[in-house]
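Sharing a structure here in structure tokens format.
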Amino acid sequence: MSLGVIVTALSLFTAACGDDKKESGGGETKDVGTSDAKDLKRGGTLTMALEAESTGGWCLPSGQLAVSGIMVHNAIYDPLVAYDENYVPQPYLAESVTPNADFTEWTFKLRPGVKFHDGTDLTADIVKQNIDLAWGEPDLVAKTGISPVLFRIVYNTILSTTAVDPLTVSVQMKSSWPTYLSFLAGGRNGIMGQKQIDAGKDGCKDTLVGTGPFKLEKPEDWVRNQQMTLQKNTDYWRMGADGQKLPYLDTLIFKPIEGGENRYSALEAGSIDAGHFSTASIFAQIQAQSDKFDLTKEVEGHKEVGYGLVDVSQPPFDNQEVRLAMGQAIDRDALNLVSNDGEFEIANQPFDTKTLGYVDGLEGPKYDPDAAAAFFQGKNIAFPLTYASDPNTKLLAEEIKRQLGEVGVDVTIAETDQSSLITKALGGGFGVLLWRNHPGADPDTQTAWWRSGYLTNFGRINDPELDRLLDTGRIETDPAKRKEIYQGISQLFAEKGYNLWNWYTEWAVGSDKKVKQLGYNTLPDGSKGTGLNWGWTYLTEVWLDQ
């Protein structure tokens, strides 16, 4: 049973459902997947601005990588599998992937001749160690000191792994897991070299050794909160459109610059060549200068959701009536106007229009401040609201505070950096966090965020019906039945008010005109990848017209 047949059967409906949405804004917008290979030029340095620093580094099993960290990850590491343009996982470092009949075992045949940045070979034993560290195999965790935090939950279905021969790895599951590959394709699952693993708990995070197109030549090339300078991997295993080895660039520089307006100012000043953005007003500014810049938007129908992440385990949000009244108190159209010039599409559920589980016509809370004020009168409701440092997000937080204050709810605002926001989510007791999550891949990839008892269930949801739907959806292979299951989850969220949905977050990369093929990537077999999604992409095939 081949990878393509199996995963296509699971994902065909996901890719097909929903209607395309119109692009917002004016000016020139490049389509994701645009290839300019006929005129490509090699060499040069690309400086790319990221929205935040990944302060915890890139020890992948224990890392807490958000969008910026994934961008760097994709430059240094390669995954076993990656999404194609239809969000179906396809072989990458793996030459082939084959499940058994009941999906309790997956076998990976690795590509021969692939080398890590230090010249060592990609082998089944190293891949086995990477997978074992991800799920927390006790002996290897004890030996290395590397202990997974989030991945231990994500991969708790794994029972064991076996290096069958020097280039073959098999993964045995505790139970059927048909969608396992969708987790591996999710942007945080590259393969680290033996040197990085052997660096242990303290050294793994900044001893970055992958098989990817760019490499960190020396530790001092990463200056935290300033920049990371990567050099071309001259021994990379993939070939470019010109018949020579990828990548096309000689040097890749990542600069963390918090605040979309600050990144845009850097783009205008010419101190960066490209940056990723998630603010409609900045999209418009870039498009207004289409003679200087390109704006590459992410694909439609698979977006993340921007929302208020609520800790439902503690007062006041352990009360369903309070959560639903909060929905009545918040004017999401006004929030959208403040944050996105009104351009983003309001979300009433966790899944975007082309993602399995989307319910057409599902209604969210109706804005009714009078009813909300009557409900909150005399209840003395108060909670903290925390957000990651960004001027635009600060405006959003202040507007939420103002709106809720008008109905008698006292909101205390706090600002923090992105890594600390994730730590706060892990710790619980946070009230509400301004958050984005739930990228539109296979909906089983959301199980870790919602199942009761999971450390990654940041909202502390404890709902037997939600657990039942998640467990059933994980093992079901019939597309029609999976649609019904995950639509049930969307409806359950609407009924219980577990999160305060705002809108589908749109991402785009703004770049100088000289930057070509941003948002374009191919897989090893030459087929198209997803391009730009959820704020990240691959820079392997980007080149500069200079």
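Can you tell me which residues in the range 137-156 are without any contact (Cβ under 8 Å) to a residue 24 or more places away in the chain and touching a Ser or Thr at 6+ places or on another chain (Cβ under 7 Å)?
Listed by number, the list holds a single entry, VAL141.
Out of the range 404-413, which residues are surrounded by 15 or more Cβ atoms within 10 Å (Cβ to Cβ) and either of a type in the set (Gly, Ala, Ser) or in contact with a Cys (Cβ under 8 Å, 6 or more places away or on another chain) (or both)? Before you say what the answer is, go through the steps one by one.
At the first step, the residues of the range 404-413 found to be surrounded by 15 or more Cβ atoms within 10 Å (Cβ to Cβ) are 404, 407-409, 411.
Residue satisfying the conditions is GLY408 alone.
Is at least one residue of the range 506-525 surrounded by fewer than 20 Cβ atoms within 10 Å (Cβ to Cβ), more than 27 Å from TYR236 (Cα to Cα) and out of contact with any Phe, Trp or Tyr (no Cβ under 7 Å at 6 or more places or on another chain)?
no
Suppose we filter ASP294, ASP311 for residues that are among the charged types (D, E, K, R) and either assigned by TED's automatic domain parsing to the domain that holds ILE413 or more than 27 Å from the chain's Cα centre (by Cα) (or both); which single one remains? Walk me through how you get there before you give the answer.
Values: ASP294 fails: either assigned by TED's automatic domain parsing to the domain that holds ILE413 or more than 27 Å from the chain's Cα centre (by Cα) (or both).
Matching residue, one of ASP294, ASP311: ASP311.
Another question about this same structure. Give the residue that is nearest to TYR180 (Cα to Cα), with candidates limited to residues of the range 73-106 that are assigned to a loop (DSSP other than H, G, I, E, B) and of a type in the set (A, V, I, L, M, F, W, C).
First, pick out the residues of the range 73-106 that are assigned to a loop (DSSP other than H, G, I, E, B): 77-78, 80, 85-88, 92-93, 100-104.
Applying the additional criterion that residues be of a type in the set (A, V, I, L, M, F, W, C) yields 80, 88, 93, 101, 103.
Numbers: LEU80: 12, VAL88: 12, LEU93: 16, ALA101: 14, PHE103: 9 Å.
Among those that are assigned to a loop (DSSP other than H, G, I, E, B) and of a type in the set (A, V, I, L, M, F, W, C), it is PHE103.
Mind telling me which of the residues THR530, THR447 ends up being in the same structural domain as VAL81 (by TED's automatic domain parsing), surrounded by 22 or more Cβ atoms within 10 Å (Cβ to Cβ) and of a type outside the set (A, V, I, L, M)? Even if it seems obvious, please write down each step before you answer.
Working: THR447 fails: in the same structural domain as VAL81 (by TED's automatic domain parsing).
Every option except THR530 fails the conditions.
Identify, from the list TYR538, TYR520, the residue that is within 21 Å of THR296 (Cβ to Cβ), part of a loop (DSSP other than H, G, I, E, B), modelled with pLDDT of 95 or more and outside the structural domain of LEU466 (by TED's automatic domain parsing). Talk me through it step by step, then tell me what you get.
Values: TYR520 fails: modelled with pLDDT of 95 or more.
Within the list TYR538, TYR520, the selection yields TYR538.
Scan (1) buried (at least 19 other Cβ atoms within 10 Å of the Cβ); (2) within 28 Å of SER389 (Cα to Cα); (3) more than 21 Å from the chain's Cα centre (by Cα) for the single condition LYS205 breaks and write down its number.
(3)
Which is touching a residue at least 24 places away in the same chain (Cβ under 8 Å) and either out of contact with any strand residue (DSSP E or B) (no Cβ under 7 Å at 6 or more places or on another chain) or closer than 23 Å to PRO148 by Cβ (or both), of SER96, SER62? Spell out the reasoning first.
Values: SER96 fails: either out of contact with any strand residue (DSSP E or B) (no Cβ under 7 Å at 6 or more places or on another chain) or closer than 23 Å to PRO148 by Cβ (or both).
Unique residue meeting the criteria: SER62.
Can I ask one more? What about ALA101, is it modelled with pLDDT of 95 or more and over 20 Å from ILE153 (Cβ atoms)? So that I can check it myself, show each step before the final result.
Numbers: modelled with pLDDT of 95 or more: yes; over 20 Å from ILE153 (Cβ atoms): yes.
The answer is yes for ALA101.
Only helices (runs of 4 or more DSSP H) wholly contained in the range 356-429 count here; list those with 1 or more residues that are of a type in the set (A, V, I, L, M), more than 22 Å from the chain's Cα centre (by Cα) and farther than 30 Å from GLY57 by Cα. Please lay out each step first, then the result.
Working: elements: 369-376, 391-406, 418-427.
Output list reads 369-376, 391-406.
Ok, one more. I need the full set of residues from the range 63-72 which are among the polar types (S, T, N, Q) and assigned to a loop (DSSP other than H, G, I, E, B), in order please.
So the first thing to find is which residues in the range 63-72 are among the polar types (S, T, N, Q), and the list is 64, 68.
Result: GLN64, single match.
The values are calculated or read from the model by the stated rules, or taken from the named source; none is laboratory data. In this text, all values refer to a predicted model and were calculated from it rather than measured experimentally. Using ideal geometry, Cβ is built from the backbone for each residue, glycine included, and neighbour counts are taken over all protein chains shown.
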